[in-house]
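Undergrad: Got a structure here, written out as C-alpha coordinates. Questions coming.
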Amino acid sequence: MDSYDKRPPKEIWEIALGELQVQVSKANFRTWFSKTIGLSYQDNQFIIGVPNTFAAEYLEKNQRSLIEKALAGLTAPDVQVVFQVNGKSHRQTATTEDVKPIPSTPPSFTRLNPDYVFDSFIEGGGNKLARAVAQSVAQNPGHSYNPLFIYGGVGLGKTHLLHAIGQAATASSINVICISAEQFTNEFVTALRDKNTEDFRNKYRSIGMLLIDDIQFIGGKEQTEESFFHTFNELHNTNRQIVMTSDCPPKAIQLIEERLRSRFEWGLVVDIKPPDYKTRLAILESKARQRGISVPADVLEIIAREDQSNIRILEGSLNRVCAFAKLLKAEPTPEIASRALADIASKEYVPDDITPSAIINAVAKSFQMPNDALLGRKRDKDTALARRMAIYLIRRETNYSLSQIGEALGKRDASYVTNACRKISGDIDSSPFLKRKVRDIQRKLQH
Ligand code: ADP
Ligand code: MG
(Lines give C-alpha, C1' and ligand atoms only; values in the text may rest on other atoms or scores of the structure.)
(Ligands and ions follow the chains in the order given, each with its own letter.)
Protein backbone atom coordinates (compact mmCIF):
# COMPACT_ATOMS: atom_id res chain seq x y z
CA MET A 1 0.00 0.00 0.00
CA ASP A 2 1.10 3.53 -0.67
CA SER A 3 2.46 5.42 2.24
CA TYR A 4 1.00 8.84 2.70
CA ASP A 5 2.99 9.96 5.69
CA LYS A 6 4.95 12.51 3.76
CA ARG A 7 1.75 14.31 2.98
CA PRO A 8 0.57 17.24 5.05
CA PRO A 9 -1.74 16.11 7.87
CA LYS A 10 -4.51 18.19 6.41
CA GLU A 11 -4.52 16.07 3.29
CA ILE A 12 -4.18 12.79 5.13
CA TRP A 13 -7.23 13.72 7.16
CA GLU A 14 -9.17 14.70 4.06
CA ILE A 15 -8.56 11.30 2.57
CA ALA A 16 -9.53 9.63 5.85
CA LEU A 17 -12.71 11.72 5.86
CA GLY A 18 -13.54 10.36 2.44
CA GLU A 19 -13.36 6.88 3.97
CA LEU A 20 -15.24 7.77 7.13
CA GLN A 21 -18.02 9.34 5.17
CA VAL A 22 -18.87 5.90 3.86
CA GLN A 23 -18.84 4.31 7.26
CA VAL A 24 -21.05 6.56 9.29
CA SER A 25 -24.53 7.85 8.64
CA LYS A 26 -25.02 11.04 6.74
CA ALA A 27 -26.38 12.84 9.78
CA ASN A 28 -23.53 11.64 11.90
CA PHE A 29 -20.96 12.75 9.37
CA ARG A 30 -22.51 16.13 8.97
CA THR A 31 -22.83 16.76 12.67
CA TRP A 32 -19.50 15.52 13.90
CA PHE A 33 -17.00 15.33 11.08
CA SER A 34 -17.78 18.17 8.76
CA LYS A 35 -15.84 20.83 10.63
CA THR A 36 -12.77 18.84 11.54
CA ILE A 37 -9.27 19.25 10.24
CA GLY A 38 -6.00 17.33 10.33
CA LEU A 39 -3.60 19.49 12.32
CA SER A 40 -0.47 17.47 12.85
CA TYR A 41 1.02 14.04 12.74
CA GLN A 42 4.05 13.41 14.86
CA ASP A 43 5.35 10.66 17.11
CA ASN A 44 2.49 8.45 16.05
CA GLN A 45 -0.01 10.98 17.26
CA PHE A 46 -2.48 12.41 14.83
CA ILE A 47 -4.07 15.60 16.08
CA ILE A 48 -7.51 16.41 14.77
CA GLY A 49 -8.87 19.89 15.23
CA VAL A 50 -12.55 19.95 16.14
CA PRO A 51 -14.79 23.00 16.42
CA ASN A 52 -15.99 22.56 20.00
CA THR A 53 -15.79 20.45 23.12
CA PHE A 54 -19.03 18.61 22.38
CA ALA A 55 -17.58 17.33 19.13
CA ALA A 56 -14.34 16.38 20.87
CA GLU A 57 -16.25 14.54 23.55
CA TYR A 58 -18.51 12.77 21.11
CA LEU A 59 -15.76 11.70 18.74
CA GLU A 60 -13.54 10.57 21.57
CA LYS A 61 -16.26 8.44 23.07
CA ASN A 62 -17.90 7.02 20.00
CA GLN A 63 -15.72 7.22 16.95
CA ARG A 64 -12.14 6.95 18.11
CA SER A 65 -11.53 3.39 16.98
CA LEU A 66 -13.22 3.92 13.63
CA ILE A 67 -11.09 7.01 13.05
CA GLU A 68 -7.92 5.26 14.07
CA LYS A 69 -8.72 2.46 11.67
CA ALA A 70 -9.25 4.91 8.83
CA LEU A 71 -5.98 6.67 9.64
CA ALA A 72 -3.99 3.50 10.19
CA GLY A 73 -3.76 2.76 6.48
CA LEU A 74 -2.62 6.29 5.77
CA THR A 75 -0.17 6.75 8.62
CA ALA A 76 0.92 3.92 10.90
CA PRO A 77 -0.98 0.85 12.08
CA ASP A 78 -0.85 1.95 15.71
CA VAL A 79 -1.60 5.62 15.19
CA GLN A 80 -3.34 7.37 18.05
CA VAL A 81 -5.73 10.21 17.57
CA VAL A 82 -6.01 13.24 19.77
CA PHE A 83 -8.89 15.66 19.45
CA GLN A 84 -8.10 19.25 19.96
CA VAL A 85 -10.65 21.99 20.23
CA ASN A 86 -9.28 24.74 18.13
CA GLY A 87 -12.21 27.05 17.92
CA LYS A 88 -12.26 26.99 14.21
CA SER A 89 -10.82 24.45 11.88
CA HIS A 90 -9.30 26.83 9.42
CA ARG A 91 -5.68 26.50 10.22
CA GLN A 92 -3.29 26.94 7.42
CA THR A 93 -1.98 23.67 6.09
CA ALA A 94 0.82 22.47 8.27
CA THR A 95 3.52 20.33 6.77
CA THR A 96 5.19 17.51 8.58
CA GLU A 97 8.32 19.61 8.97
CA ASP A 98 6.81 22.62 10.58
CA VAL A 99 4.27 20.97 12.83
CA LYS A 100 4.09 22.57 16.18
CA PRO A 101 1.59 21.59 18.82
CA ILE A 102 -1.03 24.26 18.90
CA PRO A 103 -1.60 26.05 22.18
CA SER A 104 -4.40 24.64 24.27
CA THR A 105 -6.15 27.96 24.61
CA PRO A 106 -7.82 28.65 21.30
CA PRO A 107 -6.96 31.90 19.57
CA SER A 108 -9.63 34.49 20.20
CA PHE A 109 -10.18 35.03 16.50
CA THR A 110 -10.06 32.93 13.41
CA ARG A 111 -7.09 33.00 11.13
CA LEU A 112 -8.31 33.64 7.66
CA ASN A 113 -7.97 30.60 5.47
CA PRO A 114 -5.76 31.68 2.56
CA ASP A 115 -7.63 29.33 0.21
CA TYR A 116 -10.91 31.11 0.87
CA VAL A 117 -10.64 34.06 -1.48
CA PHE A 118 -12.99 35.48 -4.09
CA ASP A 119 -10.93 34.07 -6.94
CA SER A 120 -11.45 30.52 -5.76
CA PHE A 121 -15.14 31.04 -5.10
CA ILE A 122 -16.95 29.65 -8.12
CA GLU A 123 -20.03 31.54 -9.10
CA GLY A 124 -23.32 29.80 -9.86
CA GLY A 125 -27.02 30.62 -9.86
CA GLY A 126 -27.39 29.85 -6.17
CA ASN A 127 -24.59 32.07 -4.90
CA LYS A 128 -24.27 34.80 -7.52
CA LEU A 129 -26.02 37.48 -5.52
CA ALA A 130 -24.26 36.62 -2.25
CA ARG A 131 -20.90 36.68 -3.99
CA ALA A 132 -21.57 40.02 -5.69
CA VAL A 133 -22.76 41.62 -2.49
CA ALA A 134 -19.81 40.23 -0.54
CA GLN A 135 -17.46 41.72 -3.09
CA SER A 136 -19.16 45.03 -2.95
CA VAL A 137 -18.90 45.06 0.84
CA ALA A 138 -15.21 44.18 0.63
CA GLN A 139 -14.57 47.03 -1.78
CA ASN A 140 -16.67 49.59 -0.05
CA PRO A 141 -16.89 48.54 3.58
CA GLY A 142 -19.34 50.25 5.86
CA HIS A 143 -21.05 52.06 3.05
CA SER A 144 -22.82 49.64 0.77
CA TYR A 145 -24.73 47.14 2.88
CA ASN A 146 -24.28 47.26 6.60
CA PRO A 147 -24.73 44.80 8.15
CA LEU A 148 -24.56 42.09 5.55
CA PHE A 149 -26.29 38.91 6.62
CA ILE A 150 -25.55 35.77 4.58
CA TYR A 151 -27.47 32.58 5.27
CA GLY A 152 -27.69 29.13 3.74
CA GLY A 153 -27.34 25.41 4.38
CA VAL A 154 -24.27 23.55 5.56
CA GLY A 155 -21.28 23.46 3.23
CA LEU A 156 -22.58 26.01 0.76
CA GLY A 157 -19.71 28.45 1.06
CA LYS A 158 -20.71 30.91 3.78
CA THR A 159 -17.44 30.70 5.64
CA HIS A 160 -15.53 30.82 2.37
CA LEU A 161 -17.23 34.12 1.43
CA LEU A 162 -16.74 35.55 4.90
CA HIS A 163 -13.01 34.85 4.80
CA ALA A 164 -12.82 36.24 1.27
CA ILE A 165 -14.25 39.53 2.52
CA GLY A 166 -11.80 39.48 5.40
CA GLN A 167 -8.87 38.89 3.12
CA ALA A 168 -9.80 41.66 0.73
CA ALA A 169 -10.32 44.07 3.61
CA THR A 170 -7.04 43.11 5.26
CA ALA A 171 -5.31 43.80 1.96
CA SER A 172 -6.64 47.35 2.12
CA SER A 173 -5.24 47.69 5.65
CA ILE A 174 -8.50 47.36 7.48
CA ASN A 175 -8.24 45.87 10.92
CA VAL A 176 -10.49 42.83 10.67
CA ILE A 177 -11.70 40.42 13.30
CA CYS A 178 -13.22 37.22 12.00
CA ILE A 179 -14.69 35.05 14.69
CA SER A 180 -17.40 32.45 15.11
CA ALA A 181 -20.30 33.32 17.36
CA GLU A 182 -19.25 30.41 19.51
CA GLN A 183 -15.75 31.82 19.96
CA PHE A 184 -17.21 35.25 20.61
CA THR A 185 -19.37 33.75 23.34
CA ASN A 186 -16.44 31.87 24.89
CA GLU A 187 -14.30 34.93 24.85
CA PHE A 188 -17.00 37.02 26.42
CA VAL A 189 -17.68 34.46 29.13
CA THR A 190 -13.95 34.29 29.91
CA ALA A 191 -13.80 38.07 30.09
CA LEU A 192 -16.74 38.08 32.49
CA ARG A 193 -15.09 35.47 34.64
CA ASP A 194 -11.76 37.28 34.70
CA LYS A 195 -13.46 40.64 35.18
CA ASN A 196 -11.91 41.82 31.97
CA THR A 197 -14.96 43.03 30.14
CA GLU A 198 -13.46 46.46 29.68
CA ASP A 199 -10.63 45.03 27.58
CA PHE A 200 -13.08 42.90 25.68
CA ARG A 201 -15.18 45.96 24.95
CA ASN A 202 -12.25 48.03 23.84
CA LYS A 203 -10.87 45.34 21.61
CA TYR A 204 -14.07 45.01 19.63
CA ARG A 205 -14.74 48.67 19.50
CA SER A 206 -11.39 49.53 18.04
CA ILE A 207 -11.62 47.32 14.97
CA GLY A 208 -12.44 48.29 11.41
CA MET A 209 -14.56 45.31 10.42
CA LEU A 210 -16.30 42.52 12.27
CA LEU A 211 -16.99 39.19 10.59
CA ILE A 212 -19.06 36.78 12.65
CA ASP A 213 -19.53 33.24 11.46
CA ASP A 214 -22.53 31.13 12.45
CA ILE A 215 -24.25 33.91 14.35
CA GLN A 216 -27.17 31.56 15.09
CA PHE A 217 -25.10 30.24 18.01
CA ILE A 218 -25.51 33.47 19.87
CA GLY A 219 -29.24 32.87 20.27
CA GLY A 220 -30.41 32.34 23.82
CA LYS A 221 -27.22 33.46 25.52
CA GLU A 222 -28.57 36.50 27.19
CA GLN A 223 -25.47 38.33 28.33
CA THR A 224 -23.55 37.56 25.17
CA GLU A 225 -26.44 38.84 23.08
CA GLU A 226 -26.45 41.99 25.14
CA SER A 227 -22.74 42.47 24.70
CA PHE A 228 -22.96 41.80 20.99
CA PHE A 229 -25.83 44.25 20.74
CA HIS A 230 -23.67 47.06 22.13
CA THR A 231 -20.67 46.12 20.01
CA PHE A 232 -22.92 46.05 16.98
CA ASN A 233 -24.34 49.49 17.67
CA GLU A 234 -21.01 51.08 18.24
CA LEU A 235 -19.50 49.67 15.05
CA HIS A 236 -22.57 50.39 13.00
CA ASN A 237 -22.89 53.97 14.20
CA THR A 238 -19.39 54.67 12.99
CA ASN A 239 -19.90 52.98 9.61
CA ARG A 240 -17.72 50.04 10.31
CA GLN A 241 -18.69 46.98 8.35
CA ILE A 242 -20.34 44.00 10.03
CA VAL A 243 -20.90 40.73 8.18
CA MET A 244 -22.68 37.77 9.69
CA THR A 245 -23.37 34.28 8.42
CA SER A 246 -26.00 31.91 9.66
CA ASP A 247 -27.60 28.62 8.77
CA CYS A 248 -31.02 30.28 8.77
CA PRO A 249 -32.56 33.69 8.12
CA PRO A 250 -32.71 36.21 10.98
CA LYS A 251 -36.35 35.52 11.68
CA ALA A 252 -35.62 31.85 12.35
CA ILE A 253 -32.85 32.46 14.87
CA GLN A 254 -34.01 32.00 18.39
CA LEU A 255 -32.99 35.21 20.01
CA ILE A 256 -33.97 36.55 23.35
CA GLU A 257 -33.69 40.08 22.16
CA GLU A 258 -36.02 41.17 19.40
CA ARG A 259 -34.02 44.38 18.94
CA LEU A 260 -31.03 42.29 17.90
CA ARG A 261 -32.99 40.49 15.21
CA SER A 262 -34.26 43.73 13.77
CA ARG A 263 -30.65 44.93 13.52
CA PHE A 264 -29.68 41.80 11.62
CA GLU A 265 -32.21 42.85 9.01
CA TRP A 266 -31.16 46.49 8.84
CA GLY A 267 -28.73 46.16 5.95
CA LEU A 268 -29.04 43.36 3.47
CA VAL A 269 -30.01 39.73 3.94
CA VAL A 270 -28.94 37.35 1.16
CA ASP A 271 -29.08 33.61 0.92
CA ILE A 272 -26.94 30.98 -0.75
CA LYS A 273 -28.78 28.15 -2.43
CA PRO A 274 -27.40 24.72 -3.26
CA PRO A 275 -25.32 24.55 -6.44
CA ASP A 276 -26.69 23.05 -9.64
CA TYR A 277 -24.82 20.40 -11.61
CA LYS A 278 -22.83 22.86 -13.71
CA THR A 279 -21.64 24.76 -10.67
CA ARG A 280 -20.75 21.57 -8.85
CA LEU A 281 -18.65 20.52 -11.80
CA ALA A 282 -16.89 23.88 -11.97
CA ILE A 283 -16.17 23.74 -8.24
CA LEU A 284 -14.70 20.26 -8.52
CA GLU A 285 -12.49 21.35 -11.42
CA SER A 286 -11.25 24.27 -9.41
CA LYS A 287 -10.57 22.15 -6.30
CA ALA A 288 -8.64 19.58 -8.30
CA ARG A 289 -6.60 22.34 -9.92
CA GLN A 290 -5.96 23.99 -6.57
CA ARG A 291 -4.54 20.78 -5.19
CA GLY A 292 -2.51 20.13 -8.28
CA ILE A 293 -4.15 16.80 -9.02
CA SER A 294 -5.23 15.93 -12.49
CA VAL A 295 -8.59 14.26 -12.70
CA PRO A 296 -10.14 13.57 -16.10
CA ALA A 297 -13.29 15.49 -16.97
CA ASP A 298 -15.46 12.37 -17.21
CA VAL A 299 -14.48 11.44 -13.66
CA LEU A 300 -15.35 14.88 -12.34
CA GLU A 301 -18.67 14.63 -14.13
CA ILE A 302 -19.51 11.44 -12.31
CA ILE A 303 -18.74 13.05 -8.97
CA ALA A 304 -20.68 16.18 -9.82
CA ARG A 305 -23.66 14.13 -10.88
CA GLU A 306 -24.12 12.89 -7.34
CA ASP A 307 -27.04 14.78 -6.00
CA GLN A 308 -24.97 16.37 -3.33
CA SER A 309 -25.59 19.95 -2.36
CA ASN A 310 -23.06 20.12 0.47
CA ILE A 311 -19.86 21.19 -1.23
CA ARG A 312 -17.70 19.98 1.60
CA ILE A 313 -19.07 16.47 1.08
CA LEU A 314 -18.60 16.86 -2.66
CA GLU A 315 -14.95 17.58 -1.99
CA GLY A 316 -14.92 14.49 0.22
CA SER A 317 -16.12 12.45 -2.76
CA LEU A 318 -13.32 13.86 -4.88
CA ASN A 319 -10.83 12.89 -2.18
CA ARG A 320 -12.33 9.47 -1.95
CA VAL A 321 -12.09 8.83 -5.65
CA CYS A 322 -8.47 9.98 -5.66
CA ALA A 323 -7.66 7.85 -2.61
CA PHE A 324 -9.25 4.82 -4.26
CA ALA A 325 -7.25 5.35 -7.43
CA LYS A 326 -4.10 5.77 -5.40
CA LEU A 327 -4.69 2.54 -3.50
CA LEU A 328 -5.13 0.74 -6.81
CA LYS A 329 -2.04 2.50 -8.13
CA ALA A 330 -4.06 3.73 -11.07
CA GLU A 331 -5.19 7.00 -12.56
CA PRO A 332 -8.76 7.87 -11.61
CA THR A 333 -11.14 6.51 -14.23
CA PRO A 334 -14.92 6.63 -14.50
CA GLU A 335 -15.02 3.01 -13.32
CA ILE A 336 -12.95 3.67 -10.25
CA ALA A 337 -15.07 6.73 -9.52
CA SER A 338 -18.30 4.79 -9.80
CA ARG A 339 -16.98 2.11 -7.52
CA ALA A 340 -15.69 4.58 -4.98
CA LEU A 341 -18.99 6.42 -4.94
CA ALA A 342 -21.30 3.41 -5.11
CA ASP A 343 -20.42 2.62 -1.52
CA ILE A 344 -21.34 6.08 -0.44
CA ALA A 345 -24.64 6.02 -2.26
CA SER A 346 -25.71 2.72 -0.77
CA LYS A 347 -24.67 3.39 2.79
CA GLU A 348 -25.23 7.04 3.11
CA TYR A 349 -28.96 7.04 2.86
CA VAL A 350 -29.65 4.45 5.51
CA PRO A 351 -32.17 6.26 7.64
CA ASP A 352 -31.32 6.72 11.27
CA ASP A 353 -34.07 4.54 12.64
CA ILE A 354 -34.14 5.82 16.20
CA THR A 355 -35.57 9.30 16.05
CA PRO A 356 -36.15 11.85 18.80
CA SER A 357 -39.89 11.46 18.44
CA ALA A 358 -39.64 7.68 18.82
CA ILE A 359 -37.66 8.25 22.01
CA ILE A 360 -40.07 10.86 23.33
CA ASN A 361 -42.90 8.41 22.65
CA ALA A 362 -41.20 5.56 24.44
CA VAL A 363 -40.24 7.67 27.45
CA ALA A 364 -43.70 9.17 27.77
CA LYS A 365 -45.23 5.71 27.64
CA SER A 366 -42.85 4.40 30.23
CA PHE A 367 -43.67 7.27 32.58
CA GLN A 368 -47.35 7.01 31.72
CA MET A 369 -47.81 10.55 30.61
CA PRO A 370 -48.77 12.17 27.31
CA ASN A 371 -45.97 13.13 24.88
CA ASP A 372 -46.97 16.76 25.21
CA ALA A 373 -45.98 16.78 28.86
CA LEU A 374 -42.34 16.34 27.86
CA LEU A 375 -42.48 19.21 25.42
CA GLY A 376 -44.41 21.52 27.72
CA ARG A 377 -43.38 23.75 30.60
CA LYS A 378 -44.64 21.71 33.56
CA ARG A 379 -41.90 21.31 36.14
CA ASP A 380 -43.24 18.83 38.68
CA LYS A 381 -40.83 16.12 39.71
CA ASP A 382 -42.11 13.32 37.47
CA THR A 383 -42.41 15.42 34.35
CA ALA A 384 -38.98 16.93 34.83
CA LEU A 385 -37.46 13.49 35.32
CA ALA A 386 -39.15 12.08 32.21
CA ARG A 387 -38.03 15.08 30.18
CA ARG A 388 -34.43 14.65 31.30
CA MET A 389 -34.61 10.97 30.54
CA ALA A 390 -35.78 11.70 26.99
CA ILE A 391 -32.96 14.21 26.53
CA TYR A 392 -30.43 11.74 27.85
CA LEU A 393 -31.60 8.99 25.52
CA ILE A 394 -31.75 11.21 22.45
CA ARG A 395 -28.21 12.30 23.18
CA ARG A 396 -27.11 8.69 23.47
CA GLU A 397 -29.06 7.12 20.67
CA THR A 398 -29.01 9.72 17.92
CA ASN A 399 -26.60 12.14 16.33
CA TYR A 400 -28.68 15.17 17.08
CA SER A 401 -26.76 18.19 18.24
CA LEU A 402 -27.48 19.80 21.59
CA SER A 403 -29.48 22.58 20.02
CA GLN A 404 -31.42 20.16 17.84
CA ILE A 405 -32.30 18.14 20.92
CA GLY A 406 -33.40 21.30 22.71
CA GLU A 407 -35.52 22.16 19.72
CA ALA A 408 -37.14 18.70 19.69
CA LEU A 409 -38.03 19.04 23.36
CA GLY A 410 -40.16 22.11 23.22
CA LYS A 411 -37.68 24.71 21.96
CA ARG A 412 -35.23 24.59 24.82
CA ASP A 413 -31.70 25.80 24.41
CA ALA A 414 -28.46 23.84 24.26
CA SER A 415 -27.40 24.70 27.80
CA TYR A 416 -30.67 23.31 29.11
CA VAL A 417 -29.85 20.07 27.33
CA THR A 418 -26.32 19.96 28.73
CA ASN A 419 -27.57 20.54 32.26
CA ALA A 420 -30.31 17.96 31.91
CA CYS A 421 -27.81 15.36 30.69
CA ARG A 422 -25.41 16.12 33.48
CA LYS A 423 -28.09 15.86 36.14
CA ILE A 424 -29.69 12.66 34.89
CA SER A 425 -26.37 10.88 34.31
CA GLY A 426 -25.63 11.34 38.02
CA ASP A 427 -29.13 10.20 38.98
CA ILE A 428 -28.90 7.11 36.79
CA ASP A 429 -25.53 6.19 38.22
CA SER A 430 -26.90 6.20 41.71
CA SER A 431 -30.28 4.63 41.11
CA PRO A 432 -30.82 1.00 40.11
CA PHE A 433 -34.44 1.88 39.44
CA LEU A 434 -33.52 4.48 36.83
CA LYS A 435 -30.91 2.20 35.34
CA ARG A 436 -33.53 -0.43 34.77
CA LYS A 437 -35.91 2.09 33.32
CA VAL A 438 -33.29 3.27 30.83
CA ARG A 439 -32.57 -0.29 29.77
CA ASP A 440 -36.27 -1.06 29.35
CA ILE A 441 -36.80 1.96 27.16
CA GLN A 442 -33.71 1.19 25.12
CA ARG A 443 -34.92 -2.35 24.57
CA LYS A 444 -38.33 -1.10 23.41
CA LEU A 445 -36.61 1.27 20.98
CA GLN A 446 -34.73 -1.57 19.33
CA HIS A 447 -37.99 -3.26 18.31
P1 ADP B 1 -20.44 26.77 5.07
O2 ADP B 1 -19.70 27.76 5.90
O3 ADP B 1 -21.58 27.36 4.31
O4 ADP B 1 -20.85 25.55 5.82
P5 ADP B 1 -17.88 26.54 3.73
O6 ADP B 1 -17.67 27.96 3.39
O7 ADP B 1 -17.13 25.98 4.87
O8 ADP B 1 -19.45 26.24 3.93
O9 ADP B 1 -17.63 25.67 2.41
C10 ADP B 1 -17.40 24.28 2.43
C11 ADP B 1 -16.37 23.93 1.40
O12 ADP B 1 -16.90 24.14 0.11
C13 ADP B 1 -15.12 24.80 1.48
O14 ADP B 1 -14.02 24.00 1.20
C15 ADP B 1 -15.32 25.83 0.39
O16 ADP B 1 -14.10 26.27 -0.15
C17 ADP B 1 -16.11 25.05 -0.63
N18 ADP B 1 -16.99 25.90 -1.42
C19 ADP B 1 -18.24 26.29 -1.11
N20 ADP B 1 -18.78 27.05 -2.08
C21 ADP B 1 -17.82 27.16 -3.03
C22 ADP B 1 -17.77 27.81 -4.29
N23 ADP B 1 -18.81 28.52 -4.76
N24 ADP B 1 -16.62 27.72 -4.99
C25 ADP B 1 -15.58 27.00 -4.53
N26 ADP B 1 -15.58 26.35 -3.36
C27 ADP B 1 -16.68 26.42 -2.61
MG1 MG C 1 -19.25 27.73 7.91
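The values are calculated or read from the model by the stated rules, or taken from the named source; none is laboratory data. No experiment lies behind these values; they were computed from the predicted model shown. No Cβ is skipped: glycine too gets one built from the backbone with ideal geometry, and neighbour counts run over all protein chains shown. Please note that ligands, DNA and RNA were not included when accessible areas were found on the heavy atoms of the full protein model with its side chains. Shrake-Rupley method; radii C 1.70, N 1.55, O 1.52, S 1.80 Å.
Undergrad: Express the accessible area of the chain per residue in Å², computed with a 1.4 Å probe while the remaining protein chains stay in the model.
TA: Value for the chain: 47 Å² per residue.
Undergrad: Relative to the compact-globule scaling 2.2 N^0.38 Å, provide the ratio for the alpha-carbon radius of gyration of region 2-89.
TA: Compactness ratio reported: 0.97.
Undergrad: On the protein heavy atoms, probe 1.4 angstrom, tell me the percent of accessible surface of the chain carried by carbon and sulfur.
TA: Here carbon and sulfur together make up 51 percent of the probe-accessible area.
Undergrad: Which length gain, in nm to one decimal place, applies between E198 and E226 when the Cα-Cα distance is subtracted from 0.36 nm times their residue separation?
TA: Extra length available between E198 and E226 comes to 8.6 nm.
Undergrad: Using only the alpha carbons, work out the radius of gyration and Dmax of region 173-252 in angstrom.
TA: Final numbers for Rg and Dmax: 12.2, 35 Å.
Undergrad: Another question, if that's okay. Evaluate the Kirkwood expression for the hydrodynamic radius of the chain, namely the inverse of the mean inverse distance over all pairs of different C-alpha atoms, and round to one decimal in Å.
TA: Averaging 1/r across every pair of different Cα atoms and inverting gives 23.6 Å.
Undergrad: Now for a different question. Please check which bits of region 142-186 a label hung off I256 would reach, taking the label as a point 7 Å along Cα-to-C-beta and the cut-off as backbone N under 19 Å.
TA: Answer for this model: 181-186.
Undergrad: From the protein chains alone at 1.4 Å, what is the descending order of accessible area for C178, C322, largest first?
TA: Largest to smallest exposure gives the sequence C322, C178.
Undergrad: A further question follows. Can you pull out the chymotrypsin sites (Phe, Trp or Tyr not before Pro) in region 204-309 that DSSP calls coil and that have at most 15 other Cβ atoms within 10 Å?
TA: W266
Undergrad: Antiparallel versus total DSSP beta bridges in the chain: what percent is that, nearest 5?
TA: Expressed as a percentage, antiparallel bridges in the chain total about 15.
Undergrad: Note down, for region 352-445, the three equivalent ellipsoid semi-axes (square root of 5 times each alpha carbon gyration tensor eigenvalue), biggest first, whole angstrom.
TA: So the equivalent ellipsoid measures 17, 15, 14 Å along its semi-axes.
Undergrad: Compute the relative contact order of the chain as a whole-number percentage, counting only Cα pairs closer than 8 Å that sit 6 or more residues apart in sequence.
TA: It comes to 15 percent, rounded to a whole number.
Undergrad: Quick one: compute the contact order of region 352-445, relative version, from alpha carbon pairs under 8 angstrom and 6+ residues apart, as a percent.
TA: Result for region 352-445 is 29 percent.
Undergrad: To the nearest 20 debye, what charge dipole does region 260-419 have about its Cα centre, counting +1 at the Cβ of each Lys and Arg and -1 at the Cβ of each Asp and Glu?
TA: Value, rounded to 20: 740 debye.
Undergrad: Follow-up. Roughly how big is the chain's charge dipole about its Cα centre, with Cβ charges of +1 (Lys, Arg) and -1 (Asp, Glu), in debye to the nearest 20?
TA: Computed about the Cα centre, the dipole is about 1160 debye.
Undergrad: If you don't mind, another one. Per 0.36 nm of contour for each residue apart, how much would the distance between S357 and Q45 grow if the chain were fully extended, relative to their Cα-Cα spacing?
TA: Contour length minus the Cα-Cα distance gives 108.3 nm.
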